[in-house]
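See below for the structure under consideration.
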Amino acid sequence: MLVFTQIGPLKAYLSNQKPQQSIGFVPTMGALHAGHLSLVQQSKASNDLTVASIFVNPTQFNNPNDLAHYPRTLSLDMILLEQVGCDVLFCPHADEVYESNEAIEQYNWGAITHSLEGAYRPGHFDGVITIVRKLFSWVRPTRAYFGKKDYQQCAVIKELVNRFHLPIMLEFGETLREVDGLAMSSRNTRLSVEERQLAVRVSKALFEAKANHQQLASEAHQSMATFFEGEPLFRLEYIAIVDQANLTPLAPNKPTTGSVALIAVWCGNVRLIDSMILQ
Ligand code: PAF
């Protein structure tokens, strides 16, 4: 695997590839798990060259404590990427990615950027869009791969590609889960033993909503909420049942079939998100 830490050499290497060679791109913030690696494998199956990036993007963290504690495991990540046959790793330094005092552009694409994660983490998607635009402009991928666990992020990236007419095919990988159902996430490593046992309730709530997808949105909401009640380690931010495409909330009296349920909850000091299509 070739490793680039600077933008210029990465661009030079990629522009020297044959024009007909397809490039698959897997942007990540590292602390890789099987979900990331499966995206790399998907990319390898469909592209001539697979590029992964690891960059803990400071502008998408609205909470400095979350940024400070974000797991960083570069040496292990490199071994894992080698094992799945990733061709190129790009892990730039923040001072080359961002100019000092660079103003971060703000994007308001309605519910897609401003509901749910956008509402609870103000500026988060401005940071995500900014870094993904930069990475896309340097890597110029044929296909780019994102995990469906960050459902709203997938919707934001789709909107980005459409609005800016980017010639990039988007592929969204299924959420990989631990044996008990907890969605794989880089943040899971920060859970204590007790928190890890409780964290499974996030996926349990979603699986129950999925099993009862004919129920009304109000009923689904209420039954999901019971999974978090009376447990002081949980601090629920949202349970939402929304339209799959535009993320607007489903009316309480509508059956949930075909919608998507999303949950964000603090479990101790770790913020967990998960989502599931209800059908
Ligand atoms: O999903 C992530 O890991 C990040 O949000 C991304 C897409 C790599 C941008 O920093």
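Structure values in brief
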{"item": "Zone of E231's modelled label, taken as backbone nitrogen in segment 150-187 under 13 Å from a point 7 Å along Cα→Cβ", "result": "181-183"}
{"item": "For the chain, calculated [θ]222 nm from helices alone, where every DSSP H run of n ≥ 4 adds -39500 (n - 2.57)", "result": "-11000 deg cm²/dmol"}
{"item": "Aspartates and glutamates with Cα under 16 Å of K254, excluding same-chain neighbours fewer than 8 positions away", "result": "E219, D243"}
{"item": "For E99, net neighbour charge (Lys/Arg +1, Asp/Glu -1) across residues whose Cβ lies under 14 Å away", "result": "-3"}
{"item": "Range in the chain, longest, excluding exposed GluC sites (Glu not before Pro) [loop by DSSP; at most 12 other beta-carbon atoms within 10 Å]", "result": "1-98"}
{"item": "Summed residue charge, Cβ within 14 Å of R140's Cβ, Lys/Arg positive, Asp/Glu negative", "result": "+4"}
{"item": "Isotropic mean projected area of the C-alpha convex hull, segment 1-72 (nm²)", "result": "5.8 nm²"}
{"item": "In Å², nearest 10: area of L272 left accessible to a 1.4 Å probe", "result": "10 Å²"}
{"item": "Kirkwood Rh and Cα Rg combined as Rg over Rh, evaluated for the chain", "result": "0.97"}
{"item": "The chain - accessible surface per residue (Å², probe 1.4 Å)", "result": "47 Å²"}
{"item": "Alpha carbon convex hull of segment 161-279, projected area averaged over orientations, nm²", "result": "8.5 nm²"}
{"item": "Cα radius of gyration and Dmax for segment 67-190 (Å)", "result": "15.8, 44"}
{"item": "Interchain or long-range residues, amide H under 5 Å from T175's placed H", "result": "K148, K149"}
{"item": "Unsatisfied cross-links (Cα-Cα over 18 Å) in the set K149/K210; K44/K149; K134/K158", "result": "K44/K149"}
{"item": "Rounded FRET efficiency, nearest 0.05, which uses the C-beta distance separating K204 from Y120 and R0 of 25 Å", "result": "0.70"}
{"item": "DSSP bridge pairs, the chain: antiparallel proportion in percent, nearest 5", "result": "50 percent"}
{"item": "Electrostatic dipole magnitude of the chain [Cβ: Lys, Arg +1; Asp, Glu -1; Cα centre; debye, to 20]", "result": "440 debye"}
{"item": "Gain upon complete extension [N212, N253; 0.36 nm per residue less C-alpha separation]", "result": "13.3 nm"}
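The values are calculated or read from the model by the stated rules, or taken from the named source; none is laboratory data. The model shown is predicted, which means the values in this text are computed figures rather than measured ones. In this analysis, Cβ positions are derived from the backbone assuming ideal geometry, glycine residues included, and neighbour counts consider all displayed protein chains. Remember, those area values only see protein heavy atoms, side chains included, never the ligands or the DNA or RNA. Shrake-Rupley method; radii C 1.70, N 1.55, O 1.52, S 1.80 Å.
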